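Working notes, beginning with the structure itself.
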Amino acid sequence: MTIKSRQKKSLYYTLFQQCQTAFPSFPRECSLSLGASIKHVRLRMGLTQDELAQHARMKLSALKTLENGYAKFTTLSNIDTLARVLRVSIQDLVLEGLEWFPANFFVLKNPGHESLPKRRRDINNVWFRRQIVKGDGFLCDFVSPPLCSYGHFCFVILELDPGKTIRDAVLPSPDQLLGFVLKGALRIRYDNSQEYDVFANQSFTMRGDKIHDLQNADKNLPLRMCLAFTLSSSQKPLETAKEHSQDTPCFNLGLGIKKIRDLYASSDERSLSYSHFSSITGLDEQSLRYLENTTDPDQVIYWDKIEVICRALKIPLSQFLGFCEDRDGGYFYLSTAHDRAFIDYRHYLGVRIKSAVFPGTHNNFHLSEAYIDPRGGVRRASWRRRDQAMMAAYVEDGELRIEVGKNRKSVLIQGESVYFDGSLGYIFTNPGTKPAKLLLASYPAIVF
């Protein structure tokens, strides 16, 4: 099955397309809003466009074009001159441009929320109205923006009617799918051969390119759960080999090597090149070609080289042997309430974090329930991810004030959410009178 056919069949891809339809004007590609950064720094300094152009010795028309976002490129000398006049470093000027890209601070508010007045001081509080996608027996509430790009992920709240089943769900690539049951009982049929029951306060992670059914096992009460996944992957689906004839052995070493080259390919049309494969593993190309052509049962198998390949690519030997037997059942991990890590910052920061996933380095995503005490008497702390991590916060109860970077801020109530770039730095505070409960997700994961 090709990637395009998998995408057409994928429930998640269909839901994402409907989310894109709900936000027709939202940008489809990542972009650095350098012009918006220059404009807001200029406004903070109280300079007009004429004054800035005069001090920077630029044409006024060129500055207006740059600030309005029509010029995607500009020279380094112009940026350096503008940064000197605005008394900021080039790094601060460029990084502030990240804040103004809509996907790096994406706020969704309830439909009944009143629109903000169009005043200059409210320009930092840009938000979008929640759009709930309706399906056959379920509702899907997207927390993440309608952007399918590397480094971004999808985070959704899914409500499934009593007794309903979502059949033949599948991701287009062999990436991880994370789920957490908030209320109800979920039954998962995985890869047409395995069945699991997941109850409230339990989570699961599985390889999403295996066909799976999601069923509400309770015929009287609705199911509520959240899912995290990505649709922008460099990995492509593994092709299934042809059925073995009676004369062909079930164990095929060459097939295992071919599947590894397909799994780590950077293109949909071509497998991983032998030169790149050689640079990753340290083995010469001739040896790798020999291993892939090892299809005769009388050929010698160099198991030391197989171990080198598995260690270099961080693939368990058991998974590689499954590739050789054309038996790739994926994986499924279940995490109960007793497996979840708990971190208590209550006495220092007024924050408690209860992870929803089983601790380990195999997680692509992080998901947790976070509790934030009211602001009175709580230390105000700024957090920052050292990696390029996208984060999402959904308010389950209470109120949340979120500040991202130097400019973006918003106050959220129950049922509202924010998706942002964690590397810009962020501050969570609770302006209410009772503890706030959040669903907090990130990609890549936070490792405890």
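The values are calculated or read from the model by the stated rules, or taken from the named source; none is laboratory data. Here the structure is a predicted model, which means the values were calculated and not measured. Using ideal geometry, Cβ is built from the backbone for each residue, glycine included, and neighbour counts are taken over all protein chains shown.
Sort out for me the helices (runs of 4 or more DSSP H) sitting completely within segment 279-337 that have 1 or more residues that are crowded, with 16+ Cβ neighbours inside 10 Å and within 31 Å of the chain's Cα centre (by Cα).
Qualifying helices (runs of 4 or more DSSP H): 303-313, 317-324.
Given the structure, is Phe199 free of Cβ contacts under 8 Å to residues at least 40 places away in the same chain and out of contact with any Gly (no Cβ under 9 Å at 6 or more places or on another chain)?
It is false that Phe199 is free of Cβ contacts under 8 Å to residues at least 40 places away in the same chain and out of contact with any Gly (no Cβ under 9 Å at 6 or more places or on another chain).
Go through the residues of segment 52-60 one by one and say whether even a single one is part of a helix (DSSP H, G or I) and either of a type in the set (Phe, Trp, Tyr) or within 30 Å of Val411 (Cβ to Cβ) (or both). Explain how you work it out, then say what you get.
Restricting attention to segment 52-60, the residues satisfying the condition of being part of a helix (DSSP H, G or I) are 52-56, 60.
In the following step, the residues that additionally are either of a type in the set (Phe, Trp, Tyr) or within 30 Å of Val411 (Cβ to Cβ) (or both) were identified as none.
Scanning segment 52-60 turns up no residue that is part of a helix (DSSP H, G or I) and either of a type in the set (Phe, Trp, Tyr) or within 30 Å of Val411 (Cβ to Cβ) (or both).
(1) modelled with pLDDT of 85 or more; (2) under 24 Å from Arg130 (Cα atoms); (3) not β-branched (Val, Ile, Thr): which one isn't true of Gly46, the others all being true?
Every listed condition holds for Gly46 apart from (2).
Do you know which residues across segment 166-192 are closer than 10 Å to Asp209 by Cα and part of a strand (DSSP E or B)?
Listed by number, the residues that qualify are Ala169, Gln176, Leu177.
For Tyr150, state whether it is surrounded by fewer than 22 Cβ atoms within 10 Å (Cβ to Cβ), part of a loop (DSSP other than H, G, I, E, B) and not aliphatic (A, V, I, L, M).
Criteria met by Tyr150.
Looking at segment 342-360 only, could you name the residues that are in contact (Cβ under 8 Å) with a residue 40 or more places away in the chain, surrounded by 15 or more Cβ atoms within 10 Å (Cβ to Cβ) and closer than 23 Å to Ala445 by Cβ?
Scanning segment 342-360 gives Val351, Ile353, Ser355, Ala356, Val357, Phe358.
Among the numbered criteria (1) touching a Ser or Thr at 6+ places or on another chain (Cβ under 9 Å); (2) modelled with pLDDT of 90 or more, which one does Ser149 miss?
(2)
Of Val300, Val378, Val357, which residue is of a type in the set (A, V, I, L, M) and at pLDDT 85 or above?
Matching residue, one of Val300, Val378, Val357: Val357.
Filter segment 15-36 down to the residues that are part of a helix (DSSP H, G or I), modelled with pLDDT of 85 or more and over 17 Å from the mean Cα position of the chain (by Cα) and list them by number.
If the condition is that a residue be part of a helix (DSSP H, G or I), modelled with pLDDT of 85 or more and over 17 Å from the mean Cα position of the chain (by Cα), then Gln18, Thr21, Ala22 are the ones that fit.
Hey, any hits in segment 324-332 for a residue that's out of contact with any helix residue (DSSP H, G or I) (no Cβ under 7 Å at 6 or more places or on another chain), modelled with pLDDT under 80 and within 22 Å of Ile446 (Cβ to Cβ)?
yes
Could you list, in sequence order, all residues of segment 413-448 that are of a type in the set (A, V, I, L, M), under 15 Å from Tyr371 (Cβ atoms) and within 22 Å of the chain's Cα centre (by Cα)? Steps first, please.
Step one: of segment 413-448, the residues of a type in the set (A, V, I, L, M) are 413, 418, 424, 427, 436, 438-441, 445-447.
Narrowing further to those that are under 15 Å from Tyr371 (Cβ atoms): 436, 438-440.
Result: Leu438, Leu439, Leu440.
Among the residues of segment 37-51, what is the count of those that are touching a helix residue (DSSP H, G or I) at 6+ places or on another chain (Cβ under 9 Å), not β-branched (Val, Ile, Thr) and not in a helix (DSSP H, G or I)?
Going through segment 37-51 one residue at a time, the tally reaches 1.
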